[in-house]
Structures are given as C-alpha cells and as structure tokens.
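The structure appears right after this line, and notes come after that.
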Amino acid sequence: MIVLGLTGSIGMGKSTTAAMFAAEGVPVYSADAAVHRLYAGRAVPLIEEAFPGTVVDGSVDRQKLGEAVVGNREAMKRLEAIIHPLVREEETAFLEREREKGAAVAVLDIPLLFETGGDMRCDKVVVVTAPHDIQRSRVLARPGMSDAKFKNILAAQMPDADKRERADFLIDTSKGMDAARFQVREVIAGLKAFA
C-alpha cells in the first residue's frame, strides 16, 4: 500500500482536495478530524489539566484553547505534546485497517505534515497550493478570521514555496475544482501504476 501524505497551508484547499481523493475511493485519514474527536473524547482531561478553563460541557472549547495557545510558543508546544501522540495512534490504526482491506493507496491528510516530520511516514507527498492573493482572500473570508490571526497561523507553517519544493505532486486549486479533480485523478492513476 502506498501511503500518500497530503498537506498544504491554510486556505489552499487541502480539505476540499482530501474530499476529492475520498470521492475517488481512496481512503483518507484526516488529522484535523482526529483532533476534533479527541477534543470531545480522550484528550479532554489532559487539555483541561494543562490549560484550565478550556473545557466547556465536557468538550474542549476551541476558541478558549486558541486564546490560551495562539502566539505563545511554550503553550503550543505543551498542546502538541498532548495531541500529537494521540493523533499518531489513530493514524497507525487507520493505516493498519486499510492495509488489511487491501487498499492500493491511503491518504494521510495532515496540515503540518512537514513541520511535524510526518512526511517521513509517507511514500509520496502531495502539496495543495494556490497563489498567495487567493490564499489570503479565502482565509480572510472565514468567520472570525483577522489579518493578525492569519499571520500567526502562517508563522507556524512552513512557507508554501518550501512545501512545493519538497512535494512529489502539486495540486493547484486556483484553476477551479474541475482542474483540481483532474489533477487528483492523475495522481491516483500514477500511484496505482506503481502499487
């Protein structure tokens, strides 16, 4: 089974691209979805202990947690030390299940793939990209987003140019969804030829 890493900076269209892989029948593991599950489950007591007051009604309040960690390098490291091992456990279980099912390709959708060394667990990497002006307009259109938040998020991510340089495949979402879907199909066909 080929393990395909999927990554891209905020606002590049990574989640939409992951959905395209899933629509083509490729199993996709979403690190973000795993975090959401953990914030309502196993991670709750650990996060409340590390960041008191961030749990509301039995789940981690992402807004409160964000206020506690965004822009605070030490706090972010503490959060990552809690979350990353749990996310990795779920990823390992996903890959084992897909291997047992005989999947030819499985996608690991991980926003900070390069930043966390996740690319070392992948056979190939796809980077979802778009020009900066498109990225910026997409991100600033999100509810509750500000220029300052956008800059903080970008500061925590490897620059897009560096990601593109390390990619085995690029998917440019600036040309529309049909073009991106065509690129996804090309990647899958190319990988299956070698699987």
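The values are calculated or read from the model by the stated rules, or taken from the named source; none is laboratory data. Quick caveat: nothing in here was measured; it's all calculated off a predicted structure. Positions of Cβ are generated from backbone atoms using ideal geometry, with glycine treated the same way; all protein chains shown enter the neighbour counts. For accessibility, only protein heavy atoms count, side chains too; no ligands or nucleic acids. Shrake-Rupley method; radii C 1.70, N 1.55, O 1.52, S 1.80 Å.
Among the residues of segment 110-138, those that are at pLDDT 90 or above, touching a strand residue (DSSP E or B) at 6+ places or on another chain (Cβ under 9 Å) and aliphatic (A, V, I, L, M) comprise Ile110, Leu113, Val125, Val126, Val127, Val128, Ala130. Scanning segment 139-177 for residues that are assigned to a helix (DSSP H, G or I), open to solvent by 70 Å² or more (accessible area, probe 1.4 Å), at pLDDT below 95 and not hydrophobic (A, V, I, L, M, F, W, C) turns up Lys149, Lys151, Asn152, Lys175.
Annotation note: Cβ proximity below 6 Å between a residue of segment 118-143 that is free of Cβ contacts under 8 Å to residues at least 12 places away in the same chain and a residue that is open to solvent by 80 Å² or more (accessible area, probe 1.4 Å) (sequence gap 6+ or interchain) occurs for no pair.
Could you say whether any residue in segment 59-80 is β-branched (Val, Ile, Thr) and without any contact (Cβ under 8 Å) to a residue 12 or more places away in the chain?
First pass over segment 59-80, keeping only residues β-branched (Val, Ile, Thr): 60, 69-70.
Among the residues that remain, those that are also without any contact (Cβ under 8 Å) to a residue 12 or more places away in the chain are: none.
No.
Within segment 180-195, if we keep just the residues that are loosely packed, with under 13 Cβ neighbours inside 10 Å and of a type in the set (A, V, I, L, M, F, W, C), the residue that is nearest to Met20 (Cα to Cα) turns out to be Ala189.
Looking only at residues in segment 1-13 that are under 20 Å from Gly117 (Cβ atoms) and open to solvent by 20 Å² or more (accessible area, probe 1.4 Å), which one is modelled with the highest pLDDT?
Ile2
Those helices (runs of 4 or more DSSP H) of segment 1-75 in which 1 or more residues are under 17 Å from the mean Cα position of the chain (by Cα) and within 26 Å of Met158 (Cα to Cα) occupy 14-23, 31-39, 62-69. Of the residues making up segment 80-88, not a single one is out of contact with any Lys or Arg (no Cβ under 8 Å at 6 or more places or on another chain), among the basic types (Lys, Arg) and either surrounded by fewer than 13 Cβ atoms within 10 Å (Cβ to Cβ) or farther than 23 Å from Ser15 by Cβ (or both).
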